Amino acid sequence: MMVDSMDAARIIDYFKGKCILVTGSTGFLGKILVEKILRVQPDVHKIYLVVRAIDEPSAKQRVQQEVIDTELFGLLREKHAKGFQQFVDEKVVALAGDIIYDGLGLEPPVLDALTKDTDVIVNIAATTNFYERYDVSLDVNVMGVKHLCTFAKQCARLKLLMHVSTAFVSGFREGLILEKPIKPGDSLREGTYLDVDTELRLVKEVKKSLAMANATSDGDGGDAHTDKMTERKAMKELGLQRARHFGWSNTYVFTKAMGEVVLGQQLRRGGGSGDSDIPVVVMRPSIITSVRDDPVPGWMQGTRTIDSIIIGYAKQNLSCFLADLGLVMDVIPGDMVVNAMMAAVVAHSGEKAAPQVVYHVTSSLRNPATYDVLYQSGRRHFYENPRVGKDGRVIPTREMYFFNTIARFHLYMILTYKIPLEILHLVNLLLCGLFSRLYDDLNRKYKFVMHLVDVYGPFAFFKGCFDDMNMERLRLTMAMKTPEDQMFNFDPKTVDWDDYFTRIHIPGILKYLCK
(Lines give C-alpha, C1' and ligand atoms only; values in the text may rest on other atoms or scores of the structure.)
Protein backbone atom coordinates (compact mmCIF):
# COMPACT_ATOMS: atom_id res chain seq x y z
CA MET A 1 0.00 0.00 0.00
CA MET A 2 0.97 3.61 -0.50
CA VAL A 3 2.77 5.28 2.43
CA ASP A 4 0.63 6.95 5.12
CA SER A 5 2.61 10.13 5.50
CA MET A 6 5.43 11.94 3.80
CA ASP A 7 7.42 15.09 4.17
CA ALA A 8 10.40 16.69 2.41
CA ALA A 9 12.87 14.87 4.65
CA ARG A 10 11.44 11.48 3.68
CA ILE A 11 11.53 12.28 -0.07
CA ILE A 12 15.07 13.64 0.14
CA ASP A 13 16.27 10.67 2.18
CA TYR A 14 14.77 8.19 -0.30
CA PHE A 15 17.08 9.30 -3.13
CA LYS A 16 20.23 8.90 -1.01
CA GLY A 17 22.46 6.20 -2.48
CA LYS A 18 19.97 5.39 -5.27
CA CYS A 19 20.74 4.79 -8.95
CA ILE A 20 18.13 6.47 -11.14
CA LEU A 21 17.87 5.86 -14.89
CA VAL A 22 16.16 8.69 -16.80
CA THR A 23 15.16 8.79 -20.46
CA GLY A 24 14.21 12.11 -22.09
CA SER A 25 16.60 14.11 -19.88
CA THR A 26 17.31 16.69 -22.61
CA GLY A 27 13.62 17.64 -22.63
CA PHE A 28 11.91 20.26 -20.45
CA LEU A 29 10.62 17.93 -17.72
CA GLY A 30 13.73 15.74 -17.74
CA LYS A 31 16.04 18.66 -17.02
CA ILE A 32 13.88 19.86 -14.11
CA LEU A 33 13.87 16.35 -12.59
CA VAL A 34 17.65 15.84 -12.89
CA GLU A 35 18.38 19.29 -11.41
CA LYS A 36 15.97 18.77 -8.52
CA ILE A 37 17.36 15.37 -7.50
CA LEU A 38 20.95 16.67 -7.62
CA ARG A 39 20.03 19.81 -5.66
CA VAL A 40 18.00 18.24 -2.84
CA GLN A 41 20.02 15.01 -2.53
CA PRO A 42 23.73 15.44 -3.37
CA ASP A 43 24.28 11.91 -2.01
CA VAL A 44 22.28 10.27 -4.80
CA HIS A 45 24.58 7.50 -6.07
CA LYS A 46 24.19 7.92 -9.83
CA ILE A 47 21.77 9.43 -12.34
CA TYR A 48 22.06 7.60 -15.65
CA LEU A 49 20.86 9.62 -18.65
CA VAL A 50 20.16 7.69 -21.86
CA VAL A 51 20.58 10.11 -24.78
CA ARG A 52 20.85 9.69 -28.54
CA ALA A 53 24.51 9.96 -29.51
CA ILE A 54 27.06 8.02 -31.58
CA ASP A 55 29.32 7.21 -28.62
CA GLU A 56 29.92 7.93 -24.91
CA PRO A 57 32.00 11.13 -25.41
CA SER A 58 29.27 12.52 -27.72
CA ALA A 59 26.60 11.57 -25.17
CA LYS A 60 28.55 13.31 -22.41
CA GLN A 61 29.01 16.42 -24.53
CA ARG A 62 25.30 16.48 -25.38
CA VAL A 63 24.27 16.18 -21.71
CA GLN A 64 26.76 18.89 -20.75
CA GLN A 65 25.54 21.35 -23.39
CA GLU A 66 21.81 20.60 -23.37
CA VAL A 67 21.28 19.84 -19.67
CA ILE A 68 24.05 20.88 -17.28
CA ASP A 69 25.05 24.18 -18.93
CA THR A 70 21.47 25.55 -18.96
CA GLU A 71 20.36 28.42 -16.75
CA LEU A 72 18.19 25.94 -14.83
CA PHE A 73 21.33 24.61 -13.08
CA GLY A 74 22.35 28.10 -11.84
CA LEU A 75 21.37 27.48 -8.19
CA LEU A 76 23.27 24.21 -8.14
CA ARG A 77 26.26 25.91 -9.77
CA GLU A 78 26.28 28.57 -7.02
CA LYS A 79 25.87 25.97 -4.29
CA HIS A 80 28.91 23.90 -5.38
CA ALA A 81 30.95 26.85 -6.73
CA LYS A 82 34.29 25.61 -8.10
CA GLY A 83 33.40 22.01 -7.25
CA PHE A 84 30.27 22.05 -9.44
CA GLN A 85 31.69 20.27 -12.49
CA GLN A 86 33.42 17.62 -10.39
CA PHE A 87 30.17 17.00 -8.50
CA VAL A 88 28.23 16.61 -11.78
CA ASP A 89 30.88 14.31 -13.26
CA GLU A 90 30.68 12.06 -10.20
CA LYS A 91 26.88 11.85 -10.14
CA VAL A 92 25.66 12.11 -13.76
CA VAL A 93 26.47 9.36 -16.26
CA ALA A 94 25.62 10.03 -19.91
CA LEU A 95 24.86 6.87 -21.89
CA ALA A 96 24.79 6.72 -25.69
CA GLY A 97 21.59 4.82 -26.46
CA ASP A 98 18.07 5.03 -27.83
CA ILE A 99 14.90 3.44 -26.47
CA ILE A 100 13.68 2.60 -29.99
CA TYR A 101 16.14 -0.32 -29.98
CA ASP A 102 16.28 -3.57 -28.01
CA GLY A 103 18.56 -3.19 -25.01
CA LEU A 104 17.95 0.58 -25.26
CA GLY A 105 20.67 0.68 -27.93
CA LEU A 106 23.34 0.31 -25.22
CA GLU A 107 26.55 -1.73 -25.40
CA PRO A 108 26.06 -5.17 -23.69
CA PRO A 109 28.57 -4.52 -20.83
CA VAL A 110 26.86 -1.17 -20.06
CA LEU A 111 23.41 -2.77 -20.18
CA ASP A 112 24.57 -5.61 -17.91
CA ALA A 113 25.97 -3.17 -15.33
CA LEU A 114 22.73 -1.15 -15.38
CA THR A 115 20.58 -4.22 -14.70
CA LYS A 116 22.59 -4.75 -11.50
CA ASP A 117 22.55 -1.10 -10.32
CA THR A 118 19.25 0.53 -11.30
CA ASP A 119 16.80 1.28 -8.47
CA VAL A 120 14.30 3.50 -10.33
CA ILE A 121 13.49 4.02 -14.02
CA VAL A 122 11.81 7.27 -15.09
CA ASN A 123 10.70 7.24 -18.73
CA ILE A 124 10.10 10.77 -20.03
CA ALA A 125 11.38 10.16 -23.59
CA ALA A 126 8.75 10.85 -26.24
CA THR A 127 8.21 12.48 -29.57
CA THR A 128 5.69 15.23 -28.77
CA ASN A 129 5.14 16.46 -32.34
CA PHE A 130 1.36 16.33 -32.89
CA TYR A 131 1.84 15.46 -36.56
CA GLU A 132 4.90 13.25 -36.34
CA ARG A 133 5.46 10.47 -38.87
CA TYR A 134 3.47 7.44 -37.72
CA ASP A 135 6.48 5.11 -37.90
CA VAL A 136 8.62 7.50 -35.81
CA SER A 137 5.85 8.01 -33.24
CA LEU A 138 5.31 4.26 -32.89
CA ASP A 139 9.06 3.65 -32.55
CA VAL A 140 9.48 6.13 -29.68
CA ASN A 141 6.11 6.33 -27.91
CA VAL A 142 5.15 2.65 -28.22
CA MET A 143 8.14 0.39 -28.98
CA GLY A 144 10.33 2.53 -26.69
CA VAL A 145 8.01 1.61 -23.81
CA LYS A 146 8.23 -2.09 -24.73
CA HIS A 147 12.04 -2.01 -24.75
CA LEU A 148 12.12 -0.24 -21.38
CA CYS A 149 9.79 -2.85 -19.89
CA THR A 150 12.07 -5.64 -21.16
CA PHE A 151 15.00 -3.87 -19.52
CA ALA A 152 13.01 -3.30 -16.30
CA LYS A 153 12.31 -7.04 -15.98
CA GLN A 154 16.07 -7.70 -16.05
CA CYS A 155 16.86 -5.22 -13.24
CA ALA A 156 17.65 -7.18 -10.08
CA ARG A 157 17.02 -4.37 -7.59
CA LEU A 158 14.40 -2.27 -9.42
CA LYS A 159 11.96 -0.68 -7.00
CA LEU A 160 9.77 1.30 -9.43
CA LEU A 161 9.14 2.09 -13.09
CA MET A 162 7.61 5.52 -13.69
CA HIS A 163 6.20 6.33 -17.11
CA VAL A 164 5.31 9.92 -18.04
CA SER A 165 2.34 10.09 -20.38
CA THR A 166 -0.17 12.91 -21.00
CA ALA A 167 -3.63 13.58 -19.60
CA PHE A 168 -4.85 13.97 -23.19
CA VAL A 169 -4.57 10.23 -23.89
CA SER A 170 -8.25 10.47 -22.93
CA GLY A 171 -8.88 12.41 -26.15
CA PHE A 172 -11.13 15.44 -26.02
CA ARG A 173 -14.09 13.99 -24.17
CA GLU A 174 -16.51 16.04 -22.10
CA GLY A 175 -17.22 15.56 -18.41
CA LEU A 176 -15.12 14.00 -15.66
CA ILE A 177 -12.17 11.92 -16.92
CA LEU A 178 -10.98 9.32 -14.42
CA GLU A 179 -7.44 8.18 -13.57
CA LYS A 180 -7.90 4.76 -15.11
CA PRO A 181 -5.37 2.62 -17.02
CA ILE A 182 -6.08 2.11 -20.72
CA LYS A 183 -6.91 -1.52 -21.44
CA PRO A 184 -5.93 -3.46 -24.60
CA GLY A 185 -8.50 -2.78 -27.32
CA ASP A 186 -9.74 0.45 -25.70
CA SER A 187 -10.62 3.09 -28.27
CA LEU A 188 -12.37 6.47 -28.17
CA ARG A 189 -14.62 5.70 -31.12
CA GLU A 190 -17.46 3.28 -30.51
CA GLY A 191 -17.31 0.15 -32.63
CA THR A 192 -13.54 0.23 -33.11
CA TYR A 193 -10.96 -2.01 -31.42
CA LEU A 194 -7.41 -0.70 -31.14
CA ASP A 195 -4.80 -3.42 -31.51
CA VAL A 196 -1.19 -2.23 -31.20
CA ASP A 197 0.30 -5.16 -33.14
CA THR A 198 -2.08 -4.51 -36.04
CA GLU A 199 -0.93 -0.87 -36.18
CA LEU A 200 2.74 -1.91 -36.18
CA ARG A 201 2.07 -4.38 -39.02
CA LEU A 202 0.14 -1.75 -40.98
CA VAL A 203 3.09 0.66 -40.88
CA LYS A 204 5.46 -2.06 -42.11
CA GLU A 205 3.12 -2.95 -44.97
CA VAL A 206 2.61 0.67 -46.04
CA LYS A 207 6.37 1.33 -45.97
CA LYS A 208 6.99 -1.83 -47.96
CA SER A 209 4.47 -0.87 -50.64
CA LEU A 210 5.94 2.66 -50.79
CA ALA A 211 9.43 1.21 -51.23
CA MET A 212 8.20 -1.01 -54.06
CA ALA A 213 6.47 1.91 -55.77
CA ASN A 214 9.61 4.04 -55.36
CA ALA A 215 11.80 1.26 -56.78
CA THR A 216 9.60 1.19 -59.87
CA SER A 217 9.68 4.98 -60.26
CA ASP A 218 13.47 5.04 -59.66
CA GLY A 219 13.81 2.72 -62.63
CA ASP A 220 11.97 5.40 -64.60
CA GLY A 221 14.37 8.11 -63.49
CA GLY A 222 13.01 8.98 -60.02
CA ASP A 223 15.30 10.33 -57.30
CA ALA A 224 16.01 9.36 -53.66
CA HIS A 225 15.12 12.80 -52.22
CA THR A 226 11.64 12.71 -53.78
CA ASP A 227 11.18 9.14 -52.48
CA LYS A 228 12.04 10.25 -48.93
CA MET A 229 9.63 13.19 -49.13
CA THR A 230 6.87 10.91 -50.44
CA GLU A 231 7.42 8.44 -47.59
CA ARG A 232 7.53 11.25 -45.00
CA LYS A 233 4.24 12.72 -46.23
CA ALA A 234 2.58 9.29 -46.40
CA MET A 235 3.69 8.42 -42.85
CA LYS A 236 2.44 11.73 -41.44
CA GLU A 237 -0.92 11.32 -43.16
CA LEU A 238 -1.23 7.69 -42.03
CA GLY A 239 -0.63 8.65 -38.38
CA LEU A 240 -3.30 11.32 -38.47
CA GLN A 241 -5.74 9.09 -40.33
CA ARG A 242 -5.31 6.21 -37.84
CA ALA A 243 -5.53 8.56 -34.84
CA ARG A 244 -8.79 10.07 -36.07
CA HIS A 245 -10.18 6.67 -37.07
CA PHE A 246 -9.95 5.59 -33.42
CA GLY A 247 -11.15 8.94 -32.02
CA TRP A 248 -7.92 10.77 -31.11
CA SER A 249 -7.14 14.21 -32.54
CA ASN A 250 -3.44 13.77 -33.37
CA THR A 251 -0.66 11.20 -33.70
CA TYR A 252 1.05 12.25 -30.45
CA VAL A 253 -1.82 11.58 -27.99
CA PHE A 254 -2.83 8.47 -29.99
CA THR A 255 0.60 6.82 -29.75
CA LYS A 256 1.00 7.87 -26.10
CA ALA A 257 -2.28 6.03 -25.38
CA MET A 258 -0.88 2.95 -27.15
CA GLY A 259 2.32 3.29 -25.12
CA GLU A 260 0.26 3.01 -21.93
CA VAL A 261 -1.45 -0.13 -23.24
CA VAL A 262 1.95 -1.72 -24.01
CA LEU A 263 3.20 -0.78 -20.53
CA GLY A 264 0.26 -2.60 -18.93
CA GLN A 265 0.64 -5.64 -21.18
CA GLN A 266 4.40 -6.00 -20.76
CA LEU A 267 4.46 -5.81 -16.98
CA ARG A 268 1.38 -7.88 -16.27
CA ARG A 269 2.03 -11.26 -14.66
CA GLY A 270 0.82 -14.54 -16.12
CA GLY A 271 -2.76 -15.58 -15.54
CA GLY A 272 -4.26 -12.31 -16.74
CA SER A 273 -3.80 -10.54 -13.41
CA GLY A 274 -3.72 -6.75 -13.43
CA ASP A 275 -0.93 -6.81 -10.86
CA SER A 276 2.76 -6.43 -11.60
CA ASP A 277 5.90 -7.70 -9.92
CA ILE A 278 7.40 -4.29 -10.66
CA PRO A 279 5.55 -1.29 -9.19
CA VAL A 280 4.40 0.85 -12.14
CA VAL A 281 3.29 4.48 -11.89
CA VAL A 282 1.87 6.41 -14.84
CA MET A 283 2.03 10.21 -14.56
CA ARG A 284 -0.37 12.09 -16.82
CA PRO A 285 0.33 15.83 -16.74
CA SER A 286 -1.91 18.20 -18.71
CA ILE A 287 -0.37 21.24 -20.46
CA ILE A 288 2.97 21.77 -18.69
CA THR A 289 3.96 25.42 -18.24
CA SER A 290 7.06 27.26 -16.99
CA VAL A 291 8.73 26.74 -13.60
CA ARG A 292 6.71 28.47 -10.89
CA ASP A 293 9.00 28.40 -7.84
CA ASP A 294 12.41 26.81 -8.04
CA PRO A 295 15.09 26.79 -9.22
CA VAL A 296 14.36 29.54 -11.82
CA PRO A 297 10.82 30.98 -11.91
CA GLY A 298 9.63 31.40 -15.51
CA TRP A 299 12.26 29.04 -17.00
CA MET A 300 11.00 27.01 -19.88
CA GLN A 301 12.05 25.16 -23.00
CA GLY A 302 10.03 24.45 -26.13
CA THR A 303 6.75 26.05 -27.09
CA ARG A 304 3.76 24.69 -25.21
CA THR A 305 0.18 24.69 -26.52
CA ILE A 306 -0.91 27.98 -24.99
CA ASP A 307 2.47 29.68 -25.50
CA SER A 308 2.07 29.83 -29.28
CA ILE A 309 -0.89 32.16 -28.76
CA ILE A 310 1.14 34.42 -26.42
CA ILE A 311 4.13 34.47 -28.80
CA GLY A 312 1.85 35.28 -31.75
CA TYR A 313 0.25 38.08 -29.73
CA ALA A 314 3.64 39.40 -28.58
CA LYS A 315 4.94 39.54 -32.17
CA GLN A 316 1.58 40.88 -33.41
CA ASN A 317 1.34 37.97 -35.87
CA LEU A 318 -1.92 36.88 -34.32
CA SER A 319 -4.95 39.14 -34.46
CA CYS A 320 -7.54 36.45 -33.79
CA PHE A 321 -7.92 32.92 -32.50
CA LEU A 322 -10.49 30.19 -32.22
CA ALA A 323 -11.31 29.83 -28.52
CA ASP A 324 -14.07 30.05 -25.96
CA LEU A 325 -12.56 32.29 -23.28
CA GLY A 326 -14.98 30.91 -20.71
CA LEU A 327 -13.62 27.37 -21.03
CA VAL A 328 -10.99 25.95 -18.70
CA MET A 329 -7.48 25.25 -19.99
CA ASP A 330 -5.82 22.62 -17.86
CA VAL A 331 -2.28 23.77 -17.10
CA ILE A 332 0.31 22.84 -14.48
CA PRO A 333 3.79 24.34 -13.85
CA GLY A 334 6.74 22.06 -14.70
CA ASP A 335 8.28 22.13 -11.22
CA MET A 336 4.97 21.01 -9.65
CA VAL A 337 4.87 18.05 -12.07
CA VAL A 338 8.39 17.03 -10.98
CA ASN A 339 7.47 17.46 -7.29
CA ALA A 340 4.51 15.09 -7.83
CA MET A 341 6.77 12.64 -9.69
CA MET A 342 9.31 12.53 -6.86
CA ALA A 343 6.60 12.10 -4.22
CA ALA A 344 4.97 9.29 -6.25
CA VAL A 345 8.32 7.48 -6.61
CA VAL A 346 8.73 7.44 -2.83
CA ALA A 347 5.07 6.55 -2.19
CA HIS A 348 5.06 3.45 -4.40
CA SER A 349 8.67 2.27 -4.30
CA GLY A 350 9.00 -1.44 -3.63
CA GLU A 351 5.26 -2.21 -3.54
CA LYS A 352 4.66 -5.90 -4.11
CA ALA A 353 2.06 -7.16 -6.62
CA ALA A 354 0.62 -3.66 -6.90
CA PRO A 355 -1.87 -2.59 -9.58
CA GLN A 356 -0.63 0.00 -12.05
CA VAL A 357 -1.48 3.41 -10.58
CA VAL A 358 -2.36 6.42 -12.71
CA TYR A 359 -1.96 10.04 -11.58
CA HIS A 360 -3.50 13.05 -13.31
CA VAL A 361 -1.10 15.95 -12.63
CA THR A 362 -3.73 18.51 -13.56
CA SER A 363 -5.57 21.59 -12.29
CA SER A 364 -9.04 21.67 -13.89
CA LEU A 365 -10.84 20.04 -10.95
CA ARG A 366 -9.10 21.69 -7.97
CA ASN A 367 -8.24 25.15 -9.33
CA PRO A 368 -9.54 25.77 -12.87
CA ALA A 369 -7.98 28.54 -14.97
CA THR A 370 -9.94 29.86 -17.94
CA TYR A 371 -8.50 31.08 -21.24
CA ASP A 372 -9.78 34.51 -20.27
CA VAL A 373 -7.42 34.60 -17.27
CA LEU A 374 -4.48 33.96 -19.61
CA TYR A 375 -5.65 36.52 -22.18
CA GLN A 376 -6.29 39.27 -19.61
CA SER A 377 -2.91 38.57 -17.95
CA GLY A 378 -1.16 38.83 -21.34
CA ARG A 379 -3.07 41.95 -22.31
CA ARG A 380 -2.23 43.65 -19.02
CA HIS A 381 1.42 42.61 -19.22
CA PHE A 382 1.89 44.01 -22.74
CA TYR A 383 0.09 47.28 -21.95
CA GLU A 384 2.27 47.77 -18.86
CA ASN A 385 5.46 46.57 -20.60
CA PRO A 386 5.21 47.63 -24.27
CA ARG A 387 7.51 45.77 -26.63
CA VAL A 388 10.13 47.66 -28.59
CA GLY A 389 10.92 46.77 -32.21
CA LYS A 390 14.37 46.43 -33.80
CA ASP A 391 14.10 50.08 -34.91
CA GLY A 392 13.66 51.18 -31.28
CA ARG A 393 10.02 52.16 -31.72
CA VAL A 394 7.28 50.91 -29.41
CA ILE A 395 5.10 48.15 -30.92
CA PRO A 396 1.47 49.07 -30.24
CA THR A 397 -0.55 46.47 -28.32
CA ARG A 398 -3.70 45.62 -30.25
CA GLU A 399 -6.80 43.82 -29.07
CA MET A 400 -7.19 40.21 -30.10
CA TYR A 401 -10.44 38.71 -31.36
CA PHE A 402 -11.65 35.35 -30.14
CA PHE A 403 -14.29 33.32 -31.91
CA ASN A 404 -16.25 30.70 -30.00
CA THR A 405 -17.59 28.97 -33.12
CA ILE A 406 -15.74 27.58 -36.14
CA ALA A 407 -18.27 29.20 -38.52
CA ARG A 408 -17.58 32.73 -37.19
CA PHE A 409 -13.84 32.13 -37.26
CA HIS A 410 -13.87 30.96 -40.89
CA LEU A 411 -16.03 33.91 -41.96
CA TYR A 412 -13.59 36.33 -40.32
CA MET A 413 -10.60 34.62 -41.98
CA ILE A 414 -12.26 34.79 -45.42
CA LEU A 415 -13.09 38.49 -45.07
CA THR A 416 -9.80 39.55 -43.42
CA TYR A 417 -7.30 37.35 -45.24
CA LYS A 418 -8.66 35.12 -48.00
CA ILE A 419 -10.44 37.74 -50.15
CA PRO A 420 -7.64 40.38 -49.78
CA LEU A 421 -5.09 37.67 -50.69
CA GLU A 422 -7.03 36.76 -53.84
CA ILE A 423 -7.25 40.46 -54.82
CA LEU A 424 -3.54 41.05 -54.12
CA HIS A 425 -2.67 37.98 -56.20
CA LEU A 426 -4.56 39.38 -59.19
CA VAL A 427 -3.08 42.86 -58.74
CA ASN A 428 0.42 41.38 -58.56
CA LEU A 429 -0.15 39.54 -61.84
CA LEU A 430 -1.26 42.78 -63.51
CA LEU A 431 1.46 44.98 -61.98
CA CYS A 432 4.41 42.56 -62.22
CA GLY A 433 4.57 41.73 -58.51
CA LEU A 434 4.44 45.35 -57.23
CA PHE A 435 2.69 44.26 -54.03
CA SER A 436 4.46 40.92 -53.62
CA ARG A 437 5.96 41.86 -50.22
CA LEU A 438 2.52 42.84 -48.88
CA TYR A 439 1.06 39.61 -50.30
CA ASP A 440 3.80 37.47 -48.72
CA ASP A 441 3.37 39.16 -45.32
CA LEU A 442 -0.42 38.70 -45.32
CA ASN A 443 -0.12 35.11 -46.58
CA ARG A 444 2.42 34.30 -43.84
CA LYS A 445 0.05 35.63 -41.15
CA TYR A 446 -2.87 33.71 -42.66
CA LYS A 447 -0.93 30.42 -42.72
CA PHE A 448 0.37 31.01 -39.18
CA VAL A 449 -3.15 31.48 -37.76
CA MET A 450 -4.59 28.52 -39.68
CA HIS A 451 -1.73 26.26 -38.55
CA LEU A 452 -2.19 27.24 -34.90
CA VAL A 453 -5.93 26.67 -35.08
CA ASP A 454 -5.44 23.29 -36.75
CA VAL A 455 -2.94 22.15 -34.10
CA TYR A 456 -4.36 23.75 -30.96
CA GLY A 457 -8.04 24.25 -31.80
CA PRO A 458 -9.13 21.02 -30.04
CA PHE A 459 -7.56 22.28 -26.77
CA ALA A 460 -9.42 25.58 -27.05
CA PHE A 461 -12.79 23.79 -27.07
CA PHE A 462 -11.89 21.06 -24.59
CA LYS A 463 -14.76 20.58 -22.13
CA GLY A 464 -13.35 17.70 -20.12
CA CYS A 465 -12.30 17.88 -16.48
CA PHE A 466 -9.53 15.63 -15.19
CA ASP A 467 -10.39 13.83 -11.99
CA ASP A 468 -7.35 13.71 -9.70
CA MET A 469 -8.56 11.61 -6.77
CA ASN A 470 -5.36 9.49 -6.76
CA MET A 471 -3.26 12.64 -6.84
CA GLU A 472 -5.33 14.16 -4.04
CA ARG A 473 -4.73 11.06 -1.91
CA LEU A 474 -1.00 11.47 -2.53
CA ARG A 475 -1.24 15.16 -1.62
CA LEU A 476 -3.02 14.29 1.63
CA THR A 477 -0.05 12.15 2.70
CA MET A 478 2.20 15.22 2.39
CA ALA A 479 2.96 17.13 5.57
CA MET A 480 3.31 20.80 4.64
CA LYS A 481 4.67 22.04 7.97
CA THR A 482 8.08 23.49 7.15
CA PRO A 483 9.53 25.72 4.41
CA GLU A 484 11.48 22.65 3.26
CA ASP A 485 8.20 20.76 2.75
CA GLN A 486 7.06 23.55 0.39
CA MET A 487 9.89 22.50 -1.93
CA PHE A 488 7.71 19.53 -2.89
CA ASN A 489 4.41 21.37 -3.28
CA PHE A 490 2.24 19.99 -6.09
CA ASP A 491 -1.16 21.30 -4.99
CA PRO A 492 -2.75 23.35 -7.82
CA LYS A 493 -4.98 25.10 -5.25
CA THR A 494 -1.90 27.04 -4.09
CA VAL A 495 -1.48 28.71 -7.52
CA ASP A 496 -2.88 32.20 -8.13
CA TRP A 497 -3.17 31.84 -11.91
CA ASP A 498 -3.49 35.56 -12.63
CA ASP A 499 -0.33 36.34 -10.64
CA TYR A 500 1.53 33.34 -12.10
CA PHE A 501 0.76 34.22 -15.74
CA THR A 502 1.42 37.95 -15.32
CA ARG A 503 4.53 37.85 -13.13
CA ILE A 504 6.18 34.53 -14.04
CA HIS A 505 4.92 32.67 -17.11
CA ILE A 506 4.51 35.45 -19.71
CA PRO A 507 7.86 37.12 -18.81
CA GLY A 508 9.35 33.59 -19.04
CA ILE A 509 7.97 33.11 -22.56
CA LEU A 510 9.37 36.47 -23.67
CA LYS A 511 12.78 35.70 -22.14
CA TYR A 512 13.27 32.08 -23.18
CA LEU A 513 11.12 31.60 -26.28
CA CYS A 514 11.00 35.01 -27.99
CA LYS A 515 14.73 35.42 -28.53
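Some observations on this one:
- Close amide H partners of A369, meaning residues 5 or more places away or on another chain with modelled amide H under 5 Å apart, are M329, V331.
- Using a Förster distance of 41 Å, the FRET efficiency for H245-K352 (Cβ separation, nearest 0.05): 0.55
- The value of relative contact order for the stretch 117-194, using C-alpha pairs under 8 Å at least six residues apart, is 36 percent.
- Cα gyration tensor, the stretch 107-230 - rounded (a/c under 1.5), prolate or oblate: oblate
- Phi angles across the stretch 100-115 convert, under the Karplus curve 6.51 cos²θ - 1.76 cosθ + 1.60 with θ = phi - 60°, into 3J(HN,Hα) values of 6, 10, 4, x, 6, x, 8, 5, x, x, 5, 4, 4, 5, 5, 5 Hz, Gly and Pro given as x.
- Calculated FRET value between D293 and A156, using beta carbons and R₀ = 45 Å, to 0.05: 0.75
- Of K46/K146; K31/K463; K153/K493; K36/K82; K16/K116; K256/K463, pairs whose Cα-Cα distance is over 27 Å: K31/K463; K153/K493
- Couplings for the stretch 419-425, taken from phi via the Karplus curve 6.51 cos²θ - 1.76 cosθ + 1.60 with θ = phi - 60°, read 5, x, 5, 5, 5, 4, 4 Hz in order; Gly and Pro are left as x.
- Karplus (6.51, -1.76, 1.60) ³J(HN,Hα), θ = phi - 60°, over the stretch 340-348, in Hz, Gly and Pro reported as x: 5, 4, 5, 5, 5, 4, 5, 5, 10
- Between R39 and D112, the contour length at 0.36 nm per residue exceeds the Cα-Cα span by 23.4 nm.
- A dipole drawn for the stretch 9-132 from +1 and -1 charges on Cβ atoms has a positive end, and of F73, Q61, T118 the residue lying farthest that way is F73.
- Label-to-label distance for I406 and Q316 is 3.3 nm, based on points extended 7 Å past Cα in the beta-carbon direction.
- Using bins of 5 Å that start at zero, the share of Cα-Cα pairs per bin across the stretch 133-183 amounts to 4, 14, 19, 21, 17, 14, 7, 3, 1, in whole %.
- Taking only protein heavy atoms and a 1.4 Å probe, the accessible area of the stretch 8-513 is 55% carbon and sulfur.
- Sequence ranges 317-329, 421-433, 70-82, ranked by mean other-Cβ count within 10 angstrom, highest first: 317-329, 70-82, 421-433
- Estimated [θ] at 222 nm from DSSP helical runs (n ≥ 4, -39500 (n - 2.57)) normalised by residues in the chain, nearest 500: -14000 deg cm²/dmol
- Calculated FRET value between D4 and D454, using beta carbons and R₀ = 30 Å, to 0.05: 0.05
- Solvent exposure of the chain, expressed per residue, is 45 Å² of accessible area, with all protein chains present and a 1.4 angstrom probe.
- Backbone N under 19 Å from the R444 label point (7 Å along Cα→Cβ), restricted to the stretch 406-431: 417-418, 420-422, 424-425, 428
The values are calculated or read from the model by the stated rules, or taken from the named source; none is laboratory data. Given the structure is predicted, the values throughout are model-derived calculations rather than measurements. Cβ: placed from backbone, ideal geometry, glycine included. Neighbour counts: every protein chain shown. When the accessible area is computed, the model is the full protein with side chains, heavy atoms only, and any ligands, DNA or RNA have been set aside. Shrake-Rupley method; radii C 1.70, N 1.55, O 1.52, S 1.80 Å.
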